[in-house]
Amino acid sequence: MRLREKTAAQSRELSRDLAVCGLFAALITVGAFIRVVIPAGADTMNFTLQWFFVLLAGLLLGSRRAFLSVAAYLLIGLLGVPVFARGGGPAYLLKPTFGFLLGFALAAWAMGRLTEMRRPCRAGALLLTATAGYFLYYGAGMIWFFLISRLFMAQPVGWGTLFAVYCLPTMIPDYVLCVLAVTAARRLRPMLGSLYGGLRG
């Protein structure tokens, strides 16, 4: 009887995980199409709401579920479904801006891990967690952009140009999203905490 109950409980938890991760992957996809196109050098950058939903995943779901939500989104896009801001497909890996998508996954996991370790509930603690994810997100994006530009672009982009032209225009609005996500997460955490027994990993 205990084995049957344990199996049923695991099945229910798996179903919840699939539903919640699927929901956040869908929200990140929707966020990709809510965007403002910003001219940046010879190219353009997109300010989207993807980062807002990645923040919510990291602040609400724990490291494993947050990472899986973003990973599912990335996998769908790399398989060819046009869920990224500029389409999809495996060739996206060679785009300089793909590093920011990788940064989503890294930041989601890190923010989830911090919430598991510290279980922050105050706005200040949540904002520090979001800020850590913010720096990881931009750090990963800049490193990937720099490497790809050196390997595949006719005119490689230096660190100064990369920061000033390709990052700075979106950094302030993205940090505003951090503040908004913290506000939303504080309201949503009690509901998700109840569902997952205190937001365990």
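Does TYR138 satisfy the condition of being in a helix (DSSP H, G or I), closer than 18 Å to LEU49 by Cα and at pLDDT below 90? Steps first, please.
Working: in a helix (DSSP H, G or I): yes; closer than 18 Å to LEU49 by Cα: yes; at pLDDT below 90: no.
No: the conditions fail for TYR138.
Testing PRO96 on (1) assigned to a helix (DSSP H, G or I); (2) closer than 20 Å to VAL36 by Cβ; (3) touching a strand residue (DSSP E or B) at 6+ places or on another chain (Cβ under 9 Å), one condition comes back false. Which one is that? PRO96 satisfies all of (1) assigned to a helix (DSSP H, G or I); (2) closer than 20 Å to VAL36 by Cβ; (3) touching a strand residue (DSSP E or B) at 6+ places or on another chain (Cβ under 9 Å) except (1). Residue pairs whose Cβ atoms lie under 7 Å apart, separated by 6 or more positions or on different chains, with the first residue in the stretch 61-75 and farther than 20 Å from PRO90 by Cβ and the second at pLDDT below 95 and among the polar types (S, T, N, Q), are GLY62/THR115. ALA130 satisfies every condition listed in (1) modelled with pLDDT of 95 or more; (2) surrounded by fewer than 18 Cβ atoms within 10 Å (Cβ to Cβ) except (2). Quick check on the stretch 110-127. Is at least one of its residues buried (at least 20 other Cβ atoms within 10 Å of the Cβ), modelled with pLDDT under 90 and aliphatic (A, V, I, L, M)? No, that holds for no residue. Pairing each residue of the stretch 178-191 that is on the phi < 0 side of the Ramachandran plot with any residue that is surrounded by 14 or more Cβ atoms within 10 Å (Cβ to Cβ) and not in a helix (DSSP H, G or I), provided the two are 6+ apart or on different chains, yields C-beta distances under 9 Å for ARG189/LEU199.
So, PHE104, is that one touching a Phe, Trp or Tyr at 6+ places or on another chain (Cβ under 8 Å) and either among the polar types (S, T, N, Q) or farther than 18 Å from GLN50 by Cα (or both) or not? Talk me through it step by step, then tell me what you get.
On the way: touching a Phe, Trp or Tyr at 6+ places or on another chain (Cβ under 8 Å): yes; either among the polar types (S, T, N, Q) or farther than 18 Å from GLN50 by Cα (or both): no.
Here the answer is no, as PHE104 does not meet what is asked.
No other residue among TRP144, TRP159 is modelled with pLDDT of 90 or more, exposed (fewer than 13 other Cβ atoms within 10 Å of the Cβ) and not β-branched (Val, Ile, Thr) apart from TRP159.
Could you list all residues from the stretch 178-201 that are among the aliphatic types (A, V, I, L, M), in a helix (DSSP H, G or I) and either in contact with a strand residue (DSSP E or B) (Cβ under 9 Å, 6 or more places away or on another chain) or modelled with pLDDT under 90 (or both)?
The first filter runs over the stretch 178-201 and keeps only residues among the aliphatic types (A, V, I, L, M), leaving 179-182, 184-185, 188, 191-192, 195, 199.
Checking the rest, the ones that are also in a helix (DSSP H, G or I) come to 179-182, 184-185, 188, 191-192, 195.
Matches in the stretch 178-201: LEU188, MET191, LEU192, LEU195.
Every test in (1) under 15 Å from the mean Cα position of the chain (by Cα); (2) surrounded by 15 or more Cβ atoms within 10 Å (Cβ to Cβ) is passed by ARG186 save one, and that test is (1).
Output the number of residues of the stretch 67-93 satisfying the condition of being among the small types (Gly, Ala, Ser), in a helix (DSSP H, G or I) and within 26 Å of GLY112 (Cα to Cα).
Total meeting the criteria: 4.
The values are calculated or read from the model by the stated rules, or taken from the named source; none is laboratory data. In this text, all values refer to a predicted model and were calculated from it rather than measured experimentally. Cβ: placed from backbone, ideal geometry, glycine included. Neighbour counts: every protein chain shown.
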